[in-house]
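To start, the structure itself, in structure tokens.
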Amino acid sequence: SAVISQKPSRDICQRGTSLTIQCQVDSQVTMMFWYRQQPGQSLTLIATANQGSEATYESGFVIDKFPISRPNLTFSTLTVSNMSPEDSSIYLCSVEQGTAFFGQGTRLTVV
Amino acid sequence: KQEVTQIPAALSVPEGENLVLNCSFTDSAIYNLQWFRQDPGKGLTSLLLIQSSQREQTSGRLNASLDKSSGRSTLYIAASQPGDSATYLCAVSGNTPLVFGKGTRLSVIA
């Protein structure tokens, strides 16, 4: 199994600012996944982060809005840039080792 | 495009009842199906994973079944307890990244 530490757990941010979310895994993994869960909705994959290469973004998500870093095999960050109230969601990171493991989530509120 | 549907969206039961949560998916070409639990404002905890070649998996009071040909899975919870109150999500893995349903919000009343 994998243990993922994600922070911050929650934040309230002003529109137009940026927030960086961090995920630390207790083992080395090739791929890390970033999801968004909008209120009342299911999880939607934002991007897949591979160490040493650019992240792969899903349809509807772009690097300028959600830049991702993956400096090593245990760590990744997701930045939500130039935030608007529509970005208010729970953001989750995940790894897959047979089954999927998730961080505790970051509840973001943009005011 | 894979789509996952969960029924019901919400369920409230008295403590001690056995209950069934349903999950359906449109593309039967999956590698596996997973059931997760999500507590309010929290991340997801994996409950059960069923490989595409398997019919069911059990863990304690939980039993998950998979009928790949009909695109259905059920999660059976026996002797429900207030601590089981949470949102239950199913997700399928195939040629695309994990696709999630919207979840069933379960409330078990003491």
Among (1) of a type outside the set (Val, Ile, Thr); (2) surrounded by fewer than 17 Cβ atoms within 10 Å (Cβ to Cβ); (3) over 29 Å from B:Leu47 (Cα atoms) - the single one A:Gly40 does not satisfy: (3)
Qualifying positions in the stretch A:67-109 - open to solvent by less than 10 Å² (accessible area, probe 1.4 Å), more than 24 Å from B:Thr45 (Cβ to Cβ) and either among the β-branched types (Val, Ile, Thr) or under 9 Å from the mean Cα position of the chain (by Cα) (or both): A:Val80
Residue check for B:Val4: modelled with pLDDT of 90 or more and either farther than 25 Å from A:Gly98 by Cβ or touching a helix residue (DSSP H, G or I) at 6+ places or on another chain (Cβ under 9 Å) (or both): no
Which listed residue is more than 28 Å from A:Ser59 (Cβ to Cβ) and open to solvent by 20 Å² or more (accessible area, probe 1.4 Å), from B:Ala78, B:Ala64: B:Ala78
Breaking point among (1) touching a helix residue (DSSP H, G or I) at 6+ places or on another chain (Cβ under 9 Å); (2) open to solvent by 60 Å² or more (accessible area, probe 1.4 Å), for B:Lys42: (1)
B:Ser80, sole failed condition from (1) closer than 23 Å to A:Val3 by Cα; (2) in contact with an Asp or Glu (Cβ under 9 Å, 6 or more places away or on another chain); (3) small (Gly, Ala, Ser): (1)
Residues located in the stretch B:91-107, provided they are assigned to a loop (DSSP other than H, G, I, E, B) and more than 21 Å from B:Ala10 (Cβ to Cβ): B:Gly94, B:Asn95, B:Thr96, B:Pro97, B:Leu98
The lone exception for A:Ser1 - which of (1) facing another protein chain (nearest Cβ under 10 Å); (2) out of contact with any strand residue (DSSP E or B) (no Cβ under 6 Å at 6 or more places or on another chain); (3) within 28 Å of B:Lys1 (Cα to Cα); (4) touching a residue at least 60 places away in the same chain (Cβ under 8 Å) it fails: (3)
Selection status of A:Thr30, of a type in the set (S, T, N, Q), in contact (Cβ under 8 Å) with a residue 24 or more places away in the chain, open to solvent by less than 70 Å² (accessible area, probe 1.4 Å) and more than 12 Å from chain B (Cβ to nearest Cβ): no
Among residues of the stretch A:43-55, those that are surrounded by 15 or more Cβ atoms within 10 Å (Cβ to Cβ) and not aliphatic (A, V, I, L, M), counted: 4
Some residue of the stretch B:22-34 being open to solvent by 60 Å² or more (accessible area, probe 1.4 Å), in contact (Cβ under 8 Å) with a residue 24 or more places away in the chain and under 17 Å from B:Tyr76 (Cα atoms): yes
Residue match in the stretch A:59-77 (condition: more than 30 Å from B:Ala10 (Cβ to Cβ) and among the acidic types (Asp, Glu)): yes
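B:Ser12: open to solvent by 50 Å² or more (accessible area, probe 1.4 Å), small (Gly, Ala, Ser) and in a strand (DSSP E or B), yes or no?
yes
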Residue in the stretch B:60-71 that is within 13 Å of chain A (Cβ to nearest Cβ) and either of a type in the set (Gly, Ala, Ser) or in contact with a Leu (Cβ under 6 Å, 6 or more places away or on another chain) (or both) present: yes
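The values are calculated or read from the model by the stated rules, or taken from the named source; none is laboratory data. Predicted model only: the values in this text are computed from it and were never measured. Here Cβ is always computed from backbone atoms with ideal geometry, including for glycine, and neighbour counts include all displayed protein chains. Heads up: the accessible areas ignore ligands, DNA and RNA and are worked out on the full protein's heavy atoms, side chains in. Shrake-Rupley method; radii C 1.70, N 1.55, O 1.52, S 1.80 Å.
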